[in-house]
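Okay, structure first, notes after.
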Amino acid sequence: MFSWGEDSQRGFRLKDGSDTAPPTAEGLNHLQLGYHITALSAGRTVLAFLKSNGNAFIIPIRESPAGSRVRGKQKFVKFKDKIKTVSCGDDTVTLLSKGGQVLCVDSKLVPRPMQMLCAVSQVACGSHHSVALTEDGQVYTWGQGSRGQLGLGERQPSTKSPQHLNSLSAVPLVQVAAGGGQSFALSVSGAVFSWGSNHCGQLGLGDTTDRHTPTPVHCLNLKKTTHISCGKAHTATLTKDGGVFTFGSGEYGQLGHNSFRDELRPRLVAELWGAKVTKIACGRHHTLVLTDSKRVYSFGCGEQGQLGHGEESHPSVPLPVQLPQDTNDVIKNIFAGENCSFAVYTSNEDVQGEANTVGVNTVTHCFDHMINKWTAECDSKTWKQMKKEIHRMFSSASCLNASFLEKSKDEHFQTSPKYCGLNLPLAQLAFQKLVTKDNVFAEVEGALLNLLPSLDKQPVGVEGLRIFLILNELLHVIQNHKPPLQSIKLAKAIAAAILNLSAGSLQVIGDWWSSLPSSTMSKHVEVWKQALSVILSNEPVHRSSEVKNLLLVLQFMYNVNHRIAEPQKMPESEFCLLMNKTFYFEDWHLWRFGSSYKKNTEPLILCSFPSVMDLESKKFVFDLNAQFTQRNTMARIFGEIQREFRFPKHQDLRFEVEVRRGSVLKDTFEHLAFTNPSDYKIPLMVYYDGNLPGWNDLYGYVKDFFYEVFHEMVSAESGMFMYNDSKTLAWFPSKAAPEDQRYLHFGVLCGLALYNQCIIHLPFPLALFKKLLGVKPSLGDMMEFSPCVEEGLKNILEDYTDVEIDILDMDFSINWDGTNVDLDPHNPEKPLTGQNRKEYVEAYVNHAFNTSVEGVFQEFKRGFFQVCDQDLVKLFRPRELQEVLVGKDFNDWARLKQVTGYEGKYNTTPLHPTIQMFWEVFDDLTEDQKKAFLCFVTGFERVPILDVEKFKMKIRDQQVQGPPDQFYPKAYTCYSELELPLYSTKEIMQTRLTEALSSNKIIFKEAGTEL
């Protein structure tokens, strides 16, 4: 071993017959020890080292009468177990046995075990405090804590007994380090945490404020840090690529930056570029590094010769230590302590136990190997030991978070709030083995159920959140390999732990989850859907807080997915639960009647989790409520009339609207002006020109009414709306007065259509339905309404450079709906610049869809919700509400032919000749004529969204008095039935059918040119 620095030639017992060689010109001593040193640490009054055979020795250091410090003789530390490593504070020695016991050596060199600690894998000492890392990744601290070096908070200045550092409990740690008054911890993926004294910036946090709890050193993120070493007031870190960062006190040049300035943030030692460093060691005020070429460099304080440079005058620059070159031995390790330095050499390449090569803690042992052992057949004694291993692994979030890392190309070192660093397929394979043995699974489940309630709501490092993705994989495997109920208890516990997390932690998990392959995302969603389906399929349904937690997790995943851009985004339908109508009827009952129906019970899904309801379920609940409201309102009216001692008339129990064919819109508005809004809740009946519809025409008249009133209302002749350039979409005019009752009645009519299960002609952009549901319209809505305007705004927002925007010479003035508008009224003619372009685009969209129409839209909204219950309308998403109100285009004419049924004379096999003739005529119709035929038969231009797949038509022979060729086809829209006379020729049938379609009230224009 080579030794240099303070009293460097004394203390060590030399090889028998060896003499101490004179030091070199640079002050280096060549010590012939005759044994291998695997660990060495030196404090102010003591030096300790460890032989490769596990024996530990201590060398006291005292002050001589002359004032210098000199070493005494080495003394053996007796203990029953072999020693794994040593660490010294200023005046203390701490040993770690191979059995995981921490030993504090007293003044008489007697090692005393710390009874509260066991299974320890590492120990590190600062000046007056110690830090220990256990095999399951937990950190304990003890000693002085006045500067926060214990990490326990400001109320824990000191403690003699080890205290658990709970804030790091979930972080998968591989190293702890300490020096002076600072402490550090290093995670398996290179995250660094620091706490304690920071007067020189030695914590690397960019300031000089002490920290009393572990704090992430963000400047070292993604640097692949693999080792940390601490001096009195400076710190050095080593990366996997061989780079060295230093920070803290630079008073003696110990940072190696060719300066004596303190560094508050980690700074790469540029002078070491080109040399791959493999080891680092910090003394009190100096630093050593060892390169892969086995050269030792030093920098910092050299007052005691600890740099090995002799009279060299540049201590702030890394310079090579002038080790003797007359030996073939190789430098294997370096140690720095207080004011001395050491370099261990050997020709034995197989020496084990180098203290500075801590790369991975025991928590990262091959998980696959452990599972193979756990699931193998064994005796009771072995099983007892394995149960302890299983419990240690699955009772520690740190252990789980260190497992299943993506080690390909060291990708797990890129772990960040956006990337989890996990190999989840590896976890799935491991868990598939795990669940094959019931006794192993029982131990795993028990350990996890004990662990989950104790998890920190905001781990200090994002690696502490990996467990939530890992456990999703476990749940998925359990559900696929165990009975349905087997995963429920664990799923409930995981859900509770997720919901206990802070908003910041949930944001990280959401970002991680959304970055996974879409197949994995779908699998994780299915985990929670399956758990809920199992619970909700049991009778009676448990509407407990635990079940609500599962729904909240699924809602959280839905919200995350909602923020994802296409094509990564999952279809919203994948979040829907397939529940029967009985469940939703019960939920509706609870919503409608509250605690009067069932005490202390509220709806589980309805109005709280619409994201898990499919459109059919939402429509079922809405229609159920509408039907109940109709019956309830009629009963109330009936009761009021009876109290007046009269018998109710027909019109008392119907909302009757009488209109004339030539002025449907005018008559409707006049009627609504004098209608009590409570009447909207009873069944609607429409009279045309005083004619009462027959019982089988009631719904047909209502459909006919909604068709006519909406076509007339949204036409240009009504003057109610503005239109986009292509005249395909309408919007509220900016010049309309809120007092104009037509917009209130427009809302009422839309509400009546939804309430009475009719689809309507409503050519409005999706923005209308967004606003009804409280969703803010966006630039995408402008693309639908006015692609030209949207393209211009998008160019301003994304494509133009700042210079190009300046050339445009635009300001915040626009023309909308024929009116010049200042988008910023408080700053007229405000110029458009590269800096305010986003503000301009948002203001433009906001004016078009919100500000310019605020008054009339509020009237429309008020009218709509006079009819429909707002809570139930909010079950729908904007697109769903639009589709329910407007329906869906139907153009699958081949399918229509397949599902059409035949009655009377036409019910034959093969097809009746008249039917064959009909389909030949139908196939010759234009697309617009086919749509006209659809309306002729059903009363709708489009098909109700939920009836697209169910839609079918019936055709029967028409009973006529006279020659059939003289009659037109007749349709019963209520039943989608067509009565077709027995025409004699195809030409006559074609003429009669096209005449019937053209005389029908629907006039089809060229597609895409008119409303």
When every protein chain stays in place and a 1.4 Å probe is rolled, Lys482, Lys681, Lys489 sorted by accessible area with the largest first are Lys489, Lys681, Lys482
Rounded to the nearest 10 Å², what accessible area does Arg942 show when all protein chains are kept and the probe is 1.4 Å? 70 Å²
Taking 0.36 nm per residue of separation between Asp90 and Leu33 and subtracting their Cα-Cα distance, the length gained on full extension comes to 18.0 nm
Yeah, segment 33-153 with a ≥ b ≥ c from its alpha-carbon gyration tensor (a/c under 1.5 is rounded, else prolate when a/b outruns b/c, oblate otherwise) is oblate
When every alpha-carbon pair in segment 486-560 is counted, what percent end up more than 20 Å apart? 30 percent
Determine the order of Arg69, Arg592, Arg643 by accessible area, beginning with the largest, at a probe radius of 1.4 Å. Arg643, Arg592, Arg69
By a straight-distance test (C-alpha under 13 Å), which aspartates and glutamates pair with Lys373 as possible cross-link partners, with residues fewer than eight away in the same chain excluded? Glu389
Label points 7 Å out from Cα along the Cβ direction at His562 and Glu640: separation in nm? 3.9 nm
Normalised alpha carbon radius of gyration of the chain [divisor 2.2 N^0.38 Å]: 1.33
Go ahead and estimate [θ] at 222 nm for the chain from helices alone: -39,500 (n - 2.57) per DSSP H run with n ≥ 4, summed, over the residue count, rounded to 500. -10000 deg cm²/dmol
Gap separating the Cα centres of segment 825-849 and segment 129-202, nearest whole Å: 51 Å
Extended-chain gain in nm, criterion 0.36 nm per residue less alpha-carbon gap, Lys581 and His826: 82.7 nm
Cross-link reach from Lys489 to lysines, straight Cα distance under 16 Å and at least 8 residues apart if same chain, gives Lys529, Lys548
Under a 1.4 Å probe, counting only protein heavy atoms, Leu40 has an accessible area in Å², nearest 10, of 20 Å²
May I have the count of lysine pairs in segment 140-292 with C-alpha atoms under 26 Å apart, counting pairs 8 or more residues apart or located on different chains? 14
The distance between the Cα centres of segment 292-312 and segment 748-795, in whole Å, is 74 Å
Would you rank Lys529, Lys82 by solvent-accessible area, highest first, keeping every protein chain in place and using a 1.4 Å probe? Lys82, Lys529
I'd like the accessible area for Tyr35: 1.4 Å probe, protein heavy atoms, all chains in place, Å² to the nearest 10. 50 Å²
If you average the sequence gap of Cα pairs under 8 Å that are 6 or more apart and divide by the length of the chain, what percent do you get for the contact order? 6 percent
Taking a ≥ b ≥ c as the square roots of the eigenvalues of the Cα gyration tensor of segment 163-245, is the shape rounded (a/c under 1.5), prolate (a/b larger than b/c) or oblate? oblate
Regression test value, accessible area per residue of the chain, probe 1.4 Å, units Å², expected 44 Å²
In segment 62-145, what is the count of Lys pairs whose alpha carbons are under 13 Å apart, counting only pairs at least 8 residues apart or on separate chains? 5
Taking the alpha-carbon centroid of each part, what is the distance from segment 26-74 to segment 427-468 in angstrom? 46 Å
Expressed as a percent, the accessible surface of the chain that is carbon or sulfur, using a 1.4 Å probe and the full set of protein chains, is 50 percent
Once you put a point 7 Å from the Cα of Lys986 and another 7 Å from the Cα of Ser663, both along the Cβ direction, what distance in nm separates them? 4.9 nm
Determine Rg/Rh for segment 204-307; Rg is computed over alpha-carbon atoms and Rh is the Kirkwood hydrodynamic estimate from the same atoms. 0.95
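The values are calculated or read from the model by the stated rules, or taken from the named source; none is laboratory data. Bear in mind that the values here come from a model prediction, so they are computed numbers and not experimental data. Every residue, glycine among them, receives a Cβ derived from its backbone with ideal geometry; neighbour counts consider all protein chains shown. Heads up: the accessible areas ignore ligands, DNA and RNA and are worked out on the full protein's heavy atoms, side chains in. Shrake-Rupley method; radii C 1.70, N 1.55, O 1.52, S 1.80 Å.
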